[in-house]
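First the structure, then my questions, so here it is.
The values are calculated or read from the model by the stated rules, or taken from the named source; none is laboratory data. Fair warning: this is a prediction, and the values are worked out from it, not measured in the lab. All Cβ positions, even for glycine, are placed from backbone atoms using ideal geometry, and neighbour counts span all protein chains on display.
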Amino acid sequence: MLLDRTIDVSTTPVAGANLPLETRMAIQDFLFHEARLLDESRYDEWMDLWAEDGRYWVPRKHDQENPFDHVSLFWEDALLREIRVRRLAHERNWSQQPPTRSSRLVGNVTVEGTDKAGHLIVRSSLRMTDWRLEQRHFAATVFHKLAATDDGSWKIVLKRVNLVNCDGQFGILEVYF
């Protein structure tokens with residue numbers, strides 16, 4: 001449920017994470033792969049990166065503590081992500097004629113530590129350019145909470161995108177950051 005206040009949206013680690021270089025590189029590759037899937041509009045594959053109860057959050061103000069006490073640009077669970085992905089892919093979606101094209105640059109990837117549940121908190125910088133009738137540029141600090149899977153990969157438990165201009169005015173925001 002979107003209004004479940006027990007969801008830990010904090011991105012402040014409660015413990016450190018001393019990971020081998022190989023694991024840090026795998027986490028970086030995971031983030032790069034996620035960006036590529038979004039750039040190539042491979043939304044079904046992108047949806048597979050998420051934990052069942054994963055949340056996508058884009059706060060509307062700087063240092064916003066949670067998505068419950070203040071409006072957010074996006075606060076989505078699996079159902080809302082699915083609805084948006086289906087709308088983006090639908091051939092009759094007038095707001096995607098022509099479709100949005102984008103390019104993401106992910107960098108400065110650091111593992112910050114772990115949360116109370118043991119999920120890794122990963123911080124990165126994002127620069128994104130999109131085009132649909134006009135070109136727009138976005139910059140953000142992104143936090144991923146990642147849960148390790150049995151097969152050695154990762155699932156996204158929380159993706160928080162802190163846009164530099166989160167309190168600005170926007171046209172239609174349809175694609176994911």
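Among the numbered criteria (1) within 20 Å of PHE30 (Cα to Cα); (2) modelled with pLDDT of 95 or more; (3) in contact with an Asp or Glu (Cβ under 7 Å, 6 or more places away or on another chain), which single criterion is violated by ASN108?
Condition (3) is where ASN108 drops out.
Determine whether the range 11-28 contains at least one residue that is surrounded by 14 or more Cβ atoms within 10 Å (Cβ to Cβ), among the basic types (Lys, Arg) and closer than 15 Å to ARG123 by Cα.
Scanning the range 11-28, I find at least one residue that is surrounded by 14 or more Cβ atoms within 10 Å (Cβ to Cβ), among the basic types (Lys, Arg) and closer than 15 Å to ARG123 by Cα, so the answer is yes.
Now for a separate question. Pairs under 8 Å by beta carbon, first residue closer than 16 Å to THR129 by Cα in the range 26-49, partner in a helix (DSSP H, G or I), six or more apart or different chains?
GLU34/TRP46; LEU37/TYR43; LEU37/GLU45; LEU37/TRP46; LEU38/TRP46; SER41/LEU88; SER41/ALA89
Still on this structure, I have one more. Is the range 25-32 home to any residue that is modelled with pLDDT of 95 or more and either part of a loop (DSSP other than H, G, I, E, B) or among the hydroxyl-bearing types (Ser, Thr, Tyr) (or both)?
First, the residues of the range 25-32 that are modelled with pLDDT of 95 or more: 25-32.
Filter once more, so that each one left must be either part of a loop (DSSP other than H, G, I, E, B) or among the hydroxyl-bearing types (Ser, Thr, Tyr) (or both): none.
There is no residue in the range 25-32 that is modelled with pLDDT of 95 or more and either part of a loop (DSSP other than H, G, I, E, B) or among the hydroxyl-bearing types (Ser, Thr, Tyr) (or both).
Among the strands (runs of 3 or more DSSP E) lying completely within the range 113-177, list those that include at least 3 residues that are of a type in the set (S, T, N, Q).
120-131
I would also like to ask the following. All but one of (1) modelled with pLDDT under 95; (2) on the phi < 0 side of the Ramachandran plot hold for GLY54; state the number of the condition that does not hold.
So GLY54 meets the others, but not (1).
Kindly indicate whether any position in the range 64-81 is touching a helix residue (DSSP H, G or I) at 6+ places or on another chain (Cβ under 6 Å) and either within 20 Å of LYS155 (Cα to Cα) or among the basic types (Lys, Arg) (or both).
No, there is no match, as no residue in the range 64-81 is touching a helix residue (DSSP H, G or I) at 6+ places or on another chain (Cβ under 6 Å) and either within 20 Å of LYS155 (Cα to Cα) or among the basic types (Lys, Arg) (or both).
Follow-up. Could you go through the range 161-172 and let me know if any residue there is farther than 23 Å from ALA89 by Cα, aliphatic (A, V, I, L, M) and within 14 Å of the chain's Cα centre (by Cα).
yes
Provide a single number: the residues in the range 49-65 that are surrounded by 15 or more Cβ atoms within 10 Å (Cβ to Cβ) and closer than 15 Å to LEU163 by Cα. Write out each step before concluding.
Our first condition is that a residue be surrounded by 15 or more Cβ atoms within 10 Å (Cβ to Cβ); within the range 49-65, this holds for 49-51, 54-60, 64.
Applying the additional criterion that residues be closer than 15 Å to LEU163 by Cα yields 56-60, 64.
Summing the residues that are surrounded by 15 or more Cβ atoms within 10 Å (Cβ to Cβ) and closer than 15 Å to LEU163 by Cα in the range 49-65 gives 6.
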